[in-house]
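Read the figures in this text as sums done on the coordinates, not as results from a lab. Source: prediction; values computed, not measured. Ideal geometry is used to build each Cβ from the backbone, glycine not excepted, and the neighbour counts take in all protein chains shown.
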Amino acid sequence: MSLLATRQRPPRTAPTVAPRPGLWRRIRAAKWSYAYLAPMAVLLLAFVVYPIFASFGYTFYRWNGIGEPGDYVGLANFQQILHDRIFWGAVGHTFVYAFVLVPVQLVLALALALVLNNPKLKFALFFRTVYFIPVVTSAAVVGVVIQLMLANFGDSAGSLLAKTGVTDGQIDWLGDPHTALAVIILIGIWHTLGYNLVYFLAGLQTIPAELYEAAKLDGCGPVQSFFRITIPMLRQVGVVIVVLAFIGSFQVFDLVQVLTGGGPYFATEVVNTYIYHLAFGGSPGSAAQPDVGLASAASFLYGLLLIVFSALQVLALRGIGRRRAA
Amino acid sequence: MSTLSPRLRQGRRGLLYLALFGGGLIWLYPFLWALGSSLKSTDGFFSGGLNPIPSEFHWSNYSEAWTQADFSRFFVNTVLFATGTVIVTLLATSMAGYVLARTDFPGKKIWLGLVGVTLFLPHGYTIIPVFDLIQRLHLLNTLWSVVIVQSAGGMVFGTFLFMGYFTTIDRGLEDAARVDGASFHQIFWRIMLPLSGPMLATVGLFACITAWNSFFIPLVFTLSRPELHTLSVGMFNFIGQNSTAWTLVCAGSVITLLPIVLIFVVLQRFFINGLAGAVKQ
């Protein structure tokens, strides 16, 4: 996708083609381009880019979010966050969430996409819809429904497992610090698998069928053509899918907020719920008083961490791509 | 493959369909359960557990949920909010995607780099400066504020999709139109936009789904005007007020989910084609 093309080439201002008309003239000649770009640019700058910088300003203040920020504290907020065990716990949980969810989900999605991409498969459209439907539903509703299902009413999942002897006694899946994160990861896999299924299907459809026919004539089995054709042809799309999947997982918020609110005892606290609790209060034990400064400092540090990780990820994936190509 | 006997092959295909249907049933189970539970009696709900089939059908749960939680108002709000978001998102991202894919102008690469970087930055906490900005624009507690902030969130993804799509369209078309004397605007509105139906459906569907399901943004920007709440926000009020009426909560979930699932089912065939178009190039 174009996202990758953008990231591979660093922005350059100098024109690459030799003599060109002057800058001012080129700007004037492109006036309609700017006009068409303007609505998107204004919305993005005002509501996405500006707030990121504005929040950076808040990191130097102790501020409850009401009125103007007044109490200047310098770098104290950063210091406090860096020494907060709950913050690092939240970073850890977010990384566990991402590093378990993404590989499992991608393998499942690719397998399902391969099956559903078979033109001879009947009801392919039906299955595609079925497996995509959780994506269409809001985390708020999913949270409520799953909580009700996991509650110990009547023949619940817990009592079924207890009866069959898999577990002893009823388990409070989301209330037990040992199981809560695992349950959230499972629900996360279920909830967003559809996206990756669709991306992989789209990617598979770009592979020309003639390649497979030629391979078949050469005596390639399905396993061989998967590794020799499908995987290499999916490489470029695959990189984008992996990057998007990680970005999505690192921003996980709704699902955790509606299922556990980060509890019990911070066992499922992810970075975004941690930041939310700092900024708006609402988590027992975290910040009694909302502190936008602390929250901004936490998200700034996390942003830095993500940028470093994303850069490493893109470099690593490009490295793999190059070695394969060579 | 070719060495397998026909019967064995048929058996394998049968197993595959069985697995797909079985997996699909598990996948949809929470929805079936919510649907079934929304029709149960309160007693039936507590004794039924994971069994989704109600012993008797209480259709009145729906009318009760609808009137008790003011769902008709939330429903209208959600439709207005989602429609507004789709229109703003489609206009802004298609125009931006077009010029980024097809024209060259100073600053284009810087802009693309910036847009790429914003993808990686955590956005959750930026709600405070956004709130501040909306307040200064005197848009607080209007549906406009919700539409604008929600649309802004979809700009990057939509623009990238349109960019990818427009790059795949044959340049000859534009050149021919230009030779015939078509202006910049005519080329975009009369040729490129009508050609981008699948991508309009894809981006529009994305925007519609995220707007319909959005919880945080409509909550924060309509805090002091409960009559502007959307379905997902309204459902949460509902839980607070009637913490024991679980069957009504289930009915509320179904009312919230059903329209967006239907829209998706109707439009979904464009979805993959649209994404495939963006991936190709």
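Taking B:I53, B:I26, B:I209 in turn, the Gaussian network model of chain B (Cα-Cα springs below 10 Å) assigns the largest fluctuation to B:I26. Taking label points 7 Å from Cα along the Cα-to-Cβ direction, B:Y17 and A:R318 give a separation of 4.9 nm.
Amide hydrogen proximity for B:T222: with H placed 1.01 Å from N in the peptide plane, no residue at 5 or more positions away or on another chain lies under 5 Å. Out of B:H138, B:S41, B:L91, whose Cα points farthest toward the positive end of the dipole of region B:1-149 (charges: +1 Lys, Arg; -1 Asp, Glu; placed on Cβ)? Result: B:L91. Checking every one of the chymotrypsin sites (Phe, Trp or Tyr not before Pro) in region B:1-109 against DSSP loop status and a limit of 14 other Cβ atoms within 10 Å picks out B:F57, B:W59. Mean separation of Cα pairs under 8 Å and 6 or more residues apart, divided by the residue count, gives chain B a relative contact order of 31 percent. What the phi angles of region A:51-67 give under the Karplus curve with 6.51, -1.76 and 1.60, with θ = phi - 60°, is a coupling list of x, 5, 6, 4, 5, 4, x, 5, 4, 8, 10, 9, 8, 8, x, 10, x Hz, glycine and proline written as x. Taking amide H positions as modeled 1.01 Å from N, with prolines and chain starts lacking one, the residues under 5 Å from B:K40 and 5 or more places away or on another chain are B:H58.
With θ taken as phi - 60° and the Karplus curve 6.51 cos²θ - 1.76 cosθ + 1.60 applied, the whole-hertz 3J(HN,Hα) list for region A:231-238 is 4, x, 6, 8, 4, 5, 5, x Hz, x standing for glycine and proline. Neighbour counts of C-beta atoms inside 10 Å place A:S299, B:S41, A:S55 in the sequence B:S41, A:S55, A:S299, starting with the fewest. Counting only Cβ charges, +1 for Lys and Arg and -1 for Asp and Glu, the dipole size of the protein assembly as shown around its Cα centre is about 2720 debye.
Amide H to amide H, with H built 1.01 Å from N, A:Y61 comes under 5 Å of A:V73, counting only residues 5 or more places away or on other chains. Estimated from helices alone, the mean residue ellipticity of the protein assembly as shown at 222 nm is -22500 deg cm²/dmol (sum of -39500 (n - 2.57) over DSSP H runs with n ≥ 4, per residue). Put a dot 7 Å past the Cα of B:Q135, heading toward its Cβ, do the same for A:Y34, and the two dots end up 3.4 nm apart.
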